[in-house]
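Below is one structure, written out as structure tokens, with a few remarks after it.
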Amino acid sequence: MKKIASIAFMSLAILATSCKKDKKEDNNAEDKVEATTSEDNSSNISEAAKEEKVTFKLSPKSGSKASGSVVFKENDGKVTFTAVIGGLAEGTHAIHIHESADCSSEDGKSTGGHWNPTGKPHGKWGDAGGYHKGDIGNFEADENGNGTITMTTDEWCIGCDDASKNVLGKAIIVHQGVDDFTSQPSGDAGARISCGGIIQ
Ligand SMILES: [Cu+2]
Ligand SMILES: [Zn+2]
């Protein structure tokens, strides 16, 4: 009987010790969670402050029915551009950034030429021979007249102090034709059929 009692006591003691240990570990875990959470919060806040975004519509020009919407989003020093366009003729169309956000004229020419803050020849984006900062390129419209294009680059910014990178105040122009990447100064892409100013 005495033996049983002492075993029971020992078990209790072990149980109590292990409970205490668990509790201590729990406390540590809680501390850790708290520390991680507050770190996460601060990095979320600074990321949110860093992210810039501008969204706008593209309106028909030159008697076309081409319209759409565009998003520019900046994150971690990179800008992602996405355009979704409808009302196009099936096939390949050029899309560029032109130098002024003024879409007031019926032919879209009020936006000026290609945005070219670095004084380079017109070309294919990334080409060693040079290209305009507005030379986005070509995209395809399907049999229903819908097309989409996206690109990400660190050569643009949204509202930064570097005039060779800042896309604000410029325009997106969609063309009836194809950019051949060689004709100067604009790739011989034909009429300007849709226009939107890059303004917040
Ligand atoms: Cu153009
Ligand atoms: Zn160009």
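Bear in mind that the values in this text are calculations on the coordinates, not laboratory data. Everything quoted here is computed from the prediction, not taken from an experiment. Methodologically, a virtual Cβ is constructed for each residue, glycine included, from the backbone with ideal geometry; neighbour enumeration extends over all protein chains shown.
Structural remarks
- Local electrostatic count, VAL178, Cβ distance below 11 Å [Lys/Arg +1, Asp/Glu -1]: -4
- GluC sites (Glu not before Pro) restricted to region 119-187 and DSSP loop, no more than 11 other C-beta within 10 Å: GLU143
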